[in-house]
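Coordinate-derived values only; no laboratory data. What you see is a predicted model, and the numbers here were worked out from it, not measured in a lab. Here Cβ is always computed from backbone atoms with ideal geometry, including for glycine, and neighbour counts include all displayed protein chains.
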Amino acid sequence: MSTSTSTEPDSQVVGVYQRMTALAAEHSAVNLSQGIPEPVYDTEWRAALTAEMPHAHFQYTPSAGTPGLRASVAGLYGDGFPAPVTTSGCTESLAAALFGLADDGCDTVLWLEPFYSYYPGLARITGMAARSVPIDLTGPAPRLDMDRLAAELAPLGRRGVLLLNSPHNPTGLVLGSEEWAAVRALVERHGCHLLIDDVYRDFRYRGPAVPYEALMETGRTAIAGGVSKSYAAAGVRLGWLLAPGRLARRAETAHMHLSNCAPDLLQRAAVRVLAEVDTARLEGTAGAYRRKRDHLLAALTGSGFTVSVPDGGHFVMAVPPADRPWGPEPAVDLLLDAGVCALPLDHFFTRPHTPWLRFSFAVSAGQVEEAARRLPRARTTRNT
Ligand SMILES: Cc1ncc(COP(=O)(O)O)c(C=O)c1O
């Protein structure tokens, strides 16, 4: 049923992004292989950095973050939540949380498969064993079997950490209200911890937001997020972790040993950007993403791909058309034949799986359009 962490070197797992991007550049392909968001808020970031530059200092800042940024992040979640700890991105928030949970006696992390390919490395460096529950990809859209999740979680008890990402990378699964209620009940019944990877929180096209408040009431829930996706600033490297008292302290200690603190200038700028990019603008960006998703879905299905429809996030998963032969690396064939670069998902699975490719629609509408124009070429090989 479950599998342990891949033994493949983590560098090879993360190296696939660089390899595909280099191939895309070499062959002038439209690069849909990476999770880099369209830079829709660069103007706001530049203005914020310029305005804050004269006031910034270049020394250590409080490890938990500047009071200004902590207040801004707290404002995203509302009253009654634990104070956020500022980190160097959601990746570091996840690492700090897992180190903190390991310190507290947890030894196994359970996530959904396919999974974000950085998760196994994060489990490994924090000394946790990894297990996974497969997402059902046989239907038109991804689906989670809650009975299977319950069966996997039960034996872990208080040693277990359930790591959930909704909207989910790479499937775009958005958990429904009943599923979240069941997750809450499982956390309460088994005493495990719930770690929410909230990095795609503002990219839902269908389905509810995470019921943060209800989940926090368990006293065993932590939320890891960051500016990378919602504020289109993956290179700014700012994230946050909201966790109950003891875990927050342990995670903050881990963060102090990982990166110590985040730069003052970036935190100051982020306060401005979080205020300026309000809910209405975030919703506007999500609407534009939804249109790009629909365009890409139509192009893929029109070109013979089998797709899984995502309810959120930045990606469409698709299987190449069966009416032509594919070599051992369909993503490379597609890149060479059609000029569209997708990500092979071998590193997102531990079980035998269909040769899914992941296409990002976080690129510009123009790039989606160009990919849509090229995709029909996927049906013919170069030599035919
Ligand atoms: C599911 C998931 N979690 C975390 C991250 C990393 O976020 P950050 O850039 O804030 O470290 C990504 C980035 O693609 C992601 O897809």
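Relative to the Cα centre, what is the charge dipole magnitude of the chain, using +1 at the beta carbon of each Lys and Arg, -1 at the beta carbon of each Asp and Glu, and rounding to the nearest 20 debye? If you can, show how the numbers build up before the last one.
Working: 35 positive and 39 negative charges, 50 e Å.
Its charge dipole is roughly 240 debye.
Compute the Rg/Rh shape ratio of the range 29-79: radius of gyration over Kirkwood radius, all on alpha-carbon atoms.
Numbers: Rg = 15.8 Å, Rh = 14.3 Å.
Looking at the range 29-79, the ratio lands at 1.11.
Taking only C-alpha pairs under 8 Å that are 6+ residues apart, what is the relative contact order of the chain in percent?
Result for the chain is 26 percent.
Tell me the mean residue ellipticity at 222 nm calculated for the chain from its helices only (DSSP H runs of n ≥ 4, each -39500 (n - 2.57), averaged over every residue, nearest 500).
Result for the chain: -12500 deg cm²/dmol, rounded to the nearest 500.
Rank by packing, highest mean first: peptides 366-374, 217-225, 50-58, with packing defined as the count of other Cβ atoms within 10 Å averaged across residues. Walk me through the numbers on the way to the answer.
Values: 366-374: 17.8, 217-225: 22.6, 50-58: 10.9.
Answer by packing, highest mean first, reads 217-225, 366-374, 50-58.
Grab every C-alpha pair in the range 42-276, bin the distances at 10 angstrom width from 0 up to the longest one, and report whole percents.
Taking all Cα pairs of the range 42-276, the binned fractions are 8, 34, 36, 17, 5, 0 percent.
Would you work out the charge dipole size for the range 64-200 about its Cα centre, treating the Cβ of every Lys and Arg as +1 and the Cβ of every Asp and Glu as -1, and quote it to the nearest 20 debye?
Dipole about the Cα centre, nearest 20: 180 debye.
In the range 263-340, with Lys and Arg counted as +1 and Asp and Glu as -1 at Cβ, which of these residues, Met317, Ser303, Ala270, has the Cα nearest the positive end of the dipole, that is, farthest along it?
Farthest towards the positive end: Ala270.
Sorted by average packing, counted as other Cβ atoms within 10 angstrom per residue and highest first, what order do 95-103, 134-142 take?
95-103, 134-142
Using packing as a proxy for protection, rank 251-264, 155-168 so that the peptide with the highest average count of other Cβ atoms within 10 Å comes first.
Descending mean neighbour count gives 155-168, 251-264.
Where a ≥ b ≥ c are the square roots of the eigenvalues of the C-alpha gyration tensor, would you call the range 1-121 rounded, which needs a/c under 1.5, or, failing that, prolate if a/b is larger than b/c, or oblate? Walk me through the numbers before you get to the answer.
Numbers: a/c = 2.27, a/b = 1.16, b/c = 1.96.
Oblate, since a/c reaches 1.5 and b/c is not below a/b.
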